[in-house]
Structures are given as C-alpha cells and as structure tokens.
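Read the figures in this text as sums done on the coordinates, not as results from a lab. Quantities reported herein were computed from a predicted structural model and do not represent experimental measurements. Using ideal geometry, Cβ is built from the backbone for each residue, glycine included, and neighbour counts are taken over all protein chains shown.
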Protein chains: 2
Amino acid sequence: MPDTRTQILDIAERFIRTGGYNNCSFREIATEIGIKSASVHHHFPAKQDLAVAVARRYAKNFRAGLGEPAPAGKQPEQQIALFCDVFRSAFASSGLACLCGVLSSESALLPERVQQEIASFVDANVVWLEQALAGGSKKRNKAIHQNARLIYAALQGAMAVARLKQDSRWLDDVSLAISHQQ
Amino acid sequence: MPDTRTQILDIAERFIRTGGYNNCSFREIATEIGIKSASVHHHFPAKQDLAVAVARRYAKNFRAGLGEPAPAGKQPEQQIALFCDVFRSAFASSGLACLCGVLSSESALLPERVQQEIASFVDANVVWLEQALAGGSKKRNKAIHQNARLIYAALQGAMAVARLKQDSRWLDDVSLAISHQQ
DNA sequence: ACCTGAACACCGTTCAAGT
DNA sequence: ACCTGAACACCGTTCAAGT
C-alpha cells in the first residue's frame, strides 16, 4: 500500500489524463482514498501544487522510459519508432492520454506554474527527438528542428483523435506516416 | 445586436475554444449577456445541447471557409497550405484553438452526443485533406490515407503547443515540415 | 416565448479544531 | 504530522412562478 501522498498523485494523474485539469477534483480523490477533501489539501495546499507535482513525476517517468538522452548508436528510424510506441502502448494498455497533450490544449485555464511545467516537458521531448533525428551527431539544421516538432505535434494530435474515436488505428496510421517520411 | 441565442453560442464557443468544456459555464455566459443562468437553459436545456449546437455551427463555418469539397483544379501543395493557414490565422487573429482539438483531448468527459459531433467533424476534415492530396482525382491509397491523418493530427498538436507557449512559430514550423514532405 | 428565484448536489479553498 | 467539520463562493440542473 503506497503512502497517502503517492495515492493522491496516482489518482490525480489518472483523472487529469482522462479528462483534464477540471476533471480532477479534490473531493473525488479524497473519496477514492477514503479521507476527506480537506485532508488532500494538507498534502498539496492548492490544486496547482498537485498538478505541478503530477507533471514533474510524469515527466521524470517519461524520460526514464525513453532513455535520456536519446540512446546513441541506434538508427534514427528505430529511435523515432520507439518514441511512437510510447504513445501507442499507453493507448493500448490504459487508454490514457499523454498528460502533456491534455494539459496543452487546456493551457489557457491553467495556473502559470503548471503551464511552465508542461512547456518544459514539451521542450525536453523535442530535444530528445532532435537528438534521435541527428543520429547522435552534433549537427542541427532547420529540417531536423521542424521535423522534430512535426513528429511531436502529430503524435499528440493522433492520441487525442484515437481517444475520441476509440480507435488505435489513428495512432498506427500517423506512426506509419512518420516513419515513411524519414 | 444579435439575438440572445446567437449571443449564447458566440460566448460559449469562445469559452470552449479558450479552455474546454468545463471552462464554459452557464452562469458566466448569463452574466456576460446580462440575464440569469436559468434563462440560458431556456435556449439550451442542458449543457450538452449547447455544446452540440456550438460544434455544428463551428463545423459549418469551418467547411464554408475551406470550400467544400476541396476546390478542384488546384495543386495539392496549395490546398494543404490553405488548410494550414486556417489554423495559423486563427491563432494569429484570436489566439483561439480549434474547437475540435480542444474537445478531442477532453473526449472522456464529454456526453456521447458531443463526442459524435466532434468525431464527424474530424472525419470531414480528413476527407477534405484526402481530396486535396489526391488532386481532384478519384485515386485513394494508403499513403494518402495516412498522410491526411498526419497533417490533421500535426496541426491539432501544433495548435495546442503554440497556445501553451504562446509562440506561433510552432504552427509555422509544423506547416513548413508538412509542405516539405509533399 | 422568455425570464426569474430558489433549491439541490457538486466544486476548490480556508480555517479553527481535533488527535 | 495528519485529519476533520463547517463555512464560503462557485458550478449544472430543475422547477414552480412570473410576464
């Protein structure tokens, strides 16, 4: 049995990745654990503190899963395929979206600290993709820069539509289109 | 001065495109117009009725803006550029996201009728892109199918990040990457 | 047809109080 | 340190009542 703080983070992450910031309620978290909502505030004073903590933990796990920096000595195609597979397996196993994708599209209603946390996670992902596309070398050019953004944006968009239509083929098709253009 | 119903639709669309479904409140709409929230329910009995009406009107305007079906006799590159520009000019002029992109990433918390409305709007967009990529001919193949999905997903994702970072270059970069791979 | 006030169960947040 | 009950202003929704 994880401690209360970890339970709160787990449940909050699930709520946010399911339906966004407003779908994550202190009262529902409390009910699921079996405490009162005021007790959740003891661990995370305000909702933005909880969201920032969820985002930090999520980013750390995501980076650990990918390997950081992008593992050298592999072909760019393999690394890009690995990146795509993170999204595809998340959808296949849990149906949960990327925390980042959900919160990005809600950014206007997020506290600024939460926005900044999500923004730096996006940056980290794009840097990873640029490393992967450069194949471990130091070269960076406009094509790599734009292509990394394209891949990241397309996966976020495809994840959203796959969840909307409950159809993993959207993620499959976009992953294939990405790999074909390498 | 538009009628009350139109005012409600206008304000609701702005709220949803700013921060999603939960960011759109009957009470706030009512306050902005100068009536009571119970009066808004006279025009739209439940929130899902309002959301469906907003989605229908939005989809109609979007299609009218693009020209439907994709105007024949133009080069695919020009038509794809046109599609990208819809997103870029929406961001530049109003900072508002695509209604669809916002609601897609929240789909788990939407009433099913709203989900279906958004899903069919996505379909219409992809069909438009497939027509554009096929250059007016009847030919459809896997590459066109996947590419249309890639373009749509990438623009939705890029819009989300552009709003998160308040940086239109994300949309510019992704539009360029899309045009380069044609 | 259009609007309102009042009620209901929800929400985040605060705070004094308990252990 | 961790939890609670009670209060506050918010939310969608309903409904009887007004014009």
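At-a-glance table
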quantity: Positive-pole candidate from B:Gly136, B:Leu164, B:Val126, dipole of the stretch B:108-181, charges at beta carbon; calculated: B:Gly136
quantity: Part-to-part distance (alpha-carbon centres) for the stretch A:61-98 and the stretch B:101-127, which is given in Å; calculated: 26
quantity: Distances in nm from A:Asp49 to the matching label points in the other copies, shortest first (labels 7 Å along Cα to Cβ); calculated: 4.3
quantity: Among B:Ala119, B:Ala158, B:Ala38, residue whose mean-square fluctuation peaks in a GNM of chain B (springs only between Cα atoms under 10 Å); calculated: B:Ala38
quantity: Between helix B:112-134 and chain B: long-axis angle, C-alpha atoms, 0 to 90°, nearest 10; calculated: 20
quantity: Exam field: A:Ile35 pseudo-label spacings to other copies (7 Å along Cα-Cβ), nanometres; calculated: 4.5
quantity: Selected from B:Asn147, B:Asn125, B:Asn22 as most flexible by GNM, with chain B as the system and alpha-carbon contacts under 10 Å; calculated: B:Asn22
quantity: Between 0 and 90°, nearest 10: helix B:142-165 axis offset from chain B longest Cα axis; calculated: 50
quantity: Peptide B:169-180, shielding by other chains (average Cβ, 10 Å cutoff); calculated: 5
quantity: Copies compared at B:Ala134 - label distances in nm, ascending, label defined 7 Å from Cα in the Cβ direction; calculated: 4.2
quantity: Using distinct alpha-carbon pairs, which all enter the 1/r mean, Kirkwood radius of chain A in Å; calculated: 17.3
quantity: Whether the stretch A:1-89 is rounded, prolate or oblate, judged on the alpha carbon gyration tensor where a/c under 1.5 counts as rounded; calculated: prolate
quantity: Radius 15 Å from Cβ of B:Asp172, net charge of other residues (Lys, Arg +1; Asp, Glu -1); calculated: +3
